[in-house]
Amino acid sequence: MDDVRDRLEDILRRVFRPERLEVVDFSAAHAGHDGARPGGQTHFRVEIVAAAFAGQNRLARQRLVMEAAAELLHGEIHALTVRAVAPGESGGP
Amino acid sequence: MSETIHERIQRQIASDDVVLYMKGTPVMPMCGFSAAVVQVLSHLGVPFQAHNVLDDPELRQGIKEFSSWPTIPQLYVKGEFVGGCDIVREMFQAGELVPFLAERGIVVTERA
């Protein structure tokens, strides 16, 4: 089975080598909405701790994650909620 | 010659201080993420111009390319791309959104 969540997680691990990473499929909360599909796997939440985010503002951090996941975002993934922090920062996941 | 979609977006973000590209309308948002941004702006009493991308497939695709940002909603302030729902929500919760708007001359009538 083609698991979008696993592919997303693989990509993020490869690109960012995160200290911590959590990818949650919350498509069920959006069932029936615009962009949702019967099989789910369209809406994800990512919590990631990686050195790449140090010194970057919110917009730059999100862009880094969006760019890494660009292929999936142009296809299967409809919405991606991102919480990206650098190691040692307060408010980490 | 007719205006290209990028020219149209450029004109839209120049003609209003706060511009939100969203799914649905402020009164009837069609997506939870769009609704969340509307809620934050309304809570702060920030006047904004909304553009419904669901009414306009060209705008829906065009704004993604224009901002190099793959999802809707998208918020612009004084012609500058601020971000999507996560960023607006985080800025609001961190108490950064009001000063961000105030620095750009946007009147916030209700403080969080």
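The values are calculated or read from the model by the stated rules, or taken from the named source; none is laboratory data. Quick caveat: nothing in here was measured; it's all calculated off a predicted structure. We place every Cβ from the backbone using ideal geometry, glycine too, and count neighbours over all the protein chains shown. All accessible areas refer to the heavy atoms of the entire protein, side chains included, with ligands and DNA or RNA removed. Shrake-Rupley method; radii C 1.70, N 1.55, O 1.52, S 1.80 Å.
Using a 1.4 Å probe and counting only protein heavy atoms, arrange B:K78, B:K64 so the residue with the most accessible area comes first. Mind showing how you got there, number by number?
Values: B:K78 105, B:K64 55 Å².
From most exposed to least exposed: B:K78, B:K64.
To check you understand DSSP bridge types, tell me what percent of the beta bridges within the protein assembly as shown (both residues inside) are antiparallel, rounded to 5.
That works out to approximately 55 percent antiparallel.
Measuring from label point to label point, each 7 Å out along Cα→Cβ, what is the A:R14 to B:Q49 span in nm?
Here the modelled spin labels are 4.2 nm apart.
Any idea how far apart B:M28 and B:S42 come out in nm if each label point goes 7 Å out from Cα toward Cβ?
In this crude spin-label approximation the distance works out to 1.4 nm.
Which residues in segment B:77-102 place their backbone N less than 11 Å from a point set 7 Å from the Cα of A:F26 along the Cα-to-Cβ direction?
Answer for this model: B:86.
What translational D, rounded to a whole number of µm²/s, comes out for chain B from Stokes-Einstein when the hydrodynamic radius is the Kirkwood one over Cα pairs, at 20 °C and 1.002 mPa s?
It diffuses with D of about 153 µm²/s by this estimate.
Put a dot 7 Å past each Cα toward the Cβ at B:A102 and A:E76; how far apart are the dots in nm?
Result for the modelled spin labels: 4.6 nm.
For the pair B and A, how large is the buried accessible area, both sides, in square angstrom to the nearest 100, if the probe is 1.4 Å?
1500
Can you give me the pair-distance distribution of the protein assembly as shown, C-alpha pairs, 10 Å bins, whole percents?
With 10 Å bins starting at 0, P(r) equals 8, 34, 36, 20, 2, 0.
Measure nothing but the geometry: give the 0 to 90° angle between the long axis through the Cα atoms of B:5-15 and the longest principal axis through the Cα atoms of chain B, rounded to 10°.
So the helix axis and the longest Cα principal axis differ by about 30 degrees.
Over its Cα atoms, what ratio of radius of gyration to 2.2 N^0.38 Å does segment B:12-55 give?
Details: Rg = 9.8 Å, N = 44, 2.2 N^0.38 = 9.3 Å.
Working it through for segment B:12-55, the quotient is 1.06.
Given the C-alpha centroids of segment A:47-61 and segment B:44-76, what is the distance between them in whole angstrom?
After rounding, the separation between the Cα centres reads 24 Å.
Of all GluC sites (Glu not before Pro) in segment A:58-91, which ones are in loop regions per DSSP and have a Cβ with at most 12 other Cβ atoms within 10 Å? Mind dumping the intermediate values first?
Values: sites: A:E67, A:E71, A:E76, A:E89; in loops: A:E76, A:E89.
The qualifying sites are A:E89.
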